[in-house]
Every structure is written in C-alpha cells, then in structure tokens.
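Colleague: Let me begin by handing over the structure; questions about it come next.
The values are calculated or read from the model by the stated rules, or taken from the named source; none is laboratory data. For clarity, every value in this text was computed on a predicted model and none was experimentally measured. Note that we place each Cβ from the backbone using ideal geometry, even for glycine, and neighbour counts take in every protein chain shown. The accessibility values were calculated without ligands, DNA or RNA, using every heavy atom of the protein model including side chains. Shrake-Rupley method; radii C 1.70, N 1.55, O 1.52, S 1.80 Å.
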Amino acid sequence: MLEAKPAEDIDPVNRVPTFRMGSCPPGAAMPGIKLEGNHGKDVIIVQFGLKFPPDYPRADFPVPVLIDASGKKYSSNNVMEPSKDLVPRLKTTGEQLKCEIPFELPAGTRITKLQYDDVVFDLKRSPK
C-alpha cells in the first residue's frame, strides 16, 4: 500500500490546508485534532503499509522522505514516531503497520519518489 495525495481539508478562515499529525496507525496521534499548514505550502499526505521481516536489521522506525523531480529531499516535521518496542514486536508477528505521514512542501513542488530507509519507490502520479 502506497498512496500520496494532497490534503483535502482547508481551513475556511485562514485558507490553509488542515491535516492530522502523522502516525502509525493513521489517527493514533492526537485523534480528532487537526494541524494547520503554512501559507505558500502544499501538504501531501502519504499513506503506506510496512512489514518488517524477522531479519530486518533495524530496531527502530525510519521516517520516510519525499523526493522531487530535481532530486531534492523533504522530511516531515509533523510525525509521531511509533514506540521503540513496535518494530521488534512487528518483526516477530509479521503484522503490517499502516502509517500516514504529512509533508509540507513549497507550493507547486512535483514529488516523484518516496524513500524509506534504503528503498526508493517511484510515485506513479505526482501530486500537484
């Protein structure tokens, strides 16, 4: 599962995107509370699923980055990282972890890839 789309909700007074803080699973961090984006920024929400095999070398959760058409990388400043025991537990259960991560990018940025750890995924359709 990998999806990247623009934030759909707009604050009618400030005219900026609103979004949930990123978390695994989606909505787990600050449920029901929305954050406001900044003027001149687009908010792209990335939803993805992860499985950690027993031989996965890390014991933590790397936060993904988005890559634009020129190769510039963008990280999320609005993500609640999972607890330290989550990855080790998922390595033993094989359960899929669903995540939702918002990224604030300069308006009009064309995103082409998502990088997670050492793996880079092409995004078939660039948001915006």
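Colleague: Give me the distance in nm between label points sitting 7 Å out from Cα along the Cα-to-Cβ direction at K98 and M30, one decimal.
Modeller: 2.2 nm
Colleague: Same structure, new question: When ligands, DNA and RNA are left out and all protein chains stay put, how many square angstrom of accessible area per residue does region 29-128 have with a 1.4 Å probe?
Modeller: Working: 5760 Å² over 100 residues.
Result: 58 Å² per residue.
Colleague: How much net charge surrounds K98 when only the other residues with a Cβ under 12 Å from the Cβ of K98 are counted, with Lys and Arg +1 and Asp and Glu -1?
Modeller: Taking every Cβ under 12 Å from that of K98, the sum is -2.
Colleague: Apply 1/(1 + (r/R0)^6) to the Cβ-Cβ distance of E3 and N77, taking R0 = 22 Å, and write down the FRET efficiency to the nearest 0.05.
Modeller: On the way: r = 21 Å, r/R0 = 0.93.
In this case the efficiency is close to 0.60.
Colleague: Using only the Cα atoms of region 62-124, what are the Rg and Dmax in Å?
Modeller: 13.6, 42
Colleague: At a threshold of 8 angstrom on Cα-Cα distance, excluding pairs fewer than six apart, so keeping six or more, what relative contact order does the chain reach in percent? List each step's numbers first, then the result.
Modeller: Values: 272 pairs, mean separation 39.9, N = 128.
Across the chain, relative contact order equals 31 percent.
Colleague: Under the Karplus relation 6.51 cos²θ - 1.76 cosθ + 1.60, θ = phi - 60°, what is the ordered set of whole-Hz ³J(HN,Hα) values for region 73-89, x standing for Gly and Pro?
Modeller: Result, ordered by residue: 9, 10, 9, 9, 9, 10, 9, 9, 6, x, 4, 4, 8, 5, 4, x, 5 Hz.
Colleague: Same structure, new question: Over all alpha-carbon pairs in the chain, figure out the percentage whose distance exceeds 16 Å.
Modeller: Details: 5086 of 8128 pairs.
Here the long-distance tail beyond 16 Å is 63 percent of all Cα pairs in the chain.
Colleague: Magnitude of the Cβ-charge dipole of the chain, K/R +1 and D/E -1, about the Cα centre, nearest 20 debye? Spell out each step's value before the answer.
Modeller: On the way: 18 positive and 17 negative charges, 48 e Å.
Dipole about the Cα centre, nearest 20: 220 debye.
Colleague: Where in region 25-108 are there GluC sites (Glu not before Pro) that are in a DSSP coil and have at most 13 other Cβ atoms within 10 angstrom of their Cβ?
Modeller: Numbers: sites: E36, E95, E100, E104; in loops: E95.
Listed in order of number, the matching sites are E95.
Colleague: Which value in deg cm²/dmol, rounded to the nearest 500, describes the helix-derived mean residue ellipticity at 222 nm for the chain, given -39,500 (n - 2.57) per DSSP H run of n ≥ 4 and division by the residue count?
Modeller: Numbers: 1 runs with 8 residues, N = 128.
About -1500 deg cm²/dmol.
Colleague: Still on this structure: Across region 30-123, how many lysine pairs separated by 8 or more positions, or lying on different chains, have Cα atoms within less than 20 Å?
Modeller: Here the count comes out as 12.
Colleague: Given the Cα-Cα distance of N38 and F121 and 0.36 nm per residue of separation, how much length would full extension add, in nm? Before the final figure, lay out each step's value.
Modeller: Working: separation 83, 0.36 × 83 = 29.88 nm, distance 2.70 nm.
Working it through step by step, the gained length comes to 27.2 nm.
Colleague: What is the set of long-range amide H partners of V16 at a cut-off below 5 Å, with H atoms built 1.01 Å from backbone N?
Modeller: Distant-sequence amide H within range of V16: D11.
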